[in-house]
Ligand SMILES: [Mg+2]
């Protein structure tokens, strides 16, 4: 049960995820969250660093699909500027959007990574599907009240996972 909440990798930011790590794990496609994973939730467009990070992974032949619980106008604008497909109103951790994501990517769960900043949506959903899950620290602490509440629960889960030796603190 606890394992469903445990990411396969925990890093301080997406910039600690190197293209080679993904290639070594035979990852062919990535389902990626938007808010607080790629940018703080109020930033509308990708910055240059982020573009470069995507480019370095595209170069390895790895594809992306953005899967977000946010609204279409927010998700579309962002995904379009990175030229990647997207799913909005995803209702993560429900399986449906994750399954649609791998269909779009043309991958299967075992060669797909799910990257996100929330255990209760991104990691839980990715683990339920059997994907390789990567948790990143949230980029901004400014959030909606619901997310702030979820963070408290997630912090507790993280400390339990670390205490049990299931998870390592990122550098
Ligand atoms: Mg997020």
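Odds and ends about this structure:
- Taking other C-beta atoms within 10 Å as the exposure proxy, 9, 66 rank 9, 66 from fewest upward.
- Averaging the Cα positions of each part gives two centres, and for region 1-29 and region 82-139 these lie 12 Å apart.
- Of 41, 145, 53, the one that fluctuates the most in a GNM where the chain has Cα springs shorter than 10 Å: 145
- Shape category assigned to region 8-70 from the gyration tensor of Cα positions, a/c cut at 1.5: prolate
- Ranked by how many other Cβ atoms sit within 10 Å of their own Cβ, fewest first, the residues 105, 124, 2 fall in the order 2, 105, 124.
- Exposure proxy order (Cβ contacts within 10 Å, fewest to most) of 78, 98, 144: 144, 78, 98
- Note on the chain: Rg/Rh from C-alpha atoms, Kirkwood Rh, equals 0.93.
- Taking region 77-154 and dividing mean pair separation by its residue count, relative contact order in percent (alpha carbons under 8 Å, at least six apart): 25 percent
- On a per residue basis, the convex hull of the C-alpha atoms belonging to region 89-131 measures out at 59 Å³.
Readers should treat all values here as calculations from the given coordinates under stated rules, not as data from a laboratory. Keep in mind that this is a model prediction, so the values were computed, not measured. Glycine gets a Cβ as well: all are built from the backbone with ideal geometry, and neighbour counts include every protein chain shown.
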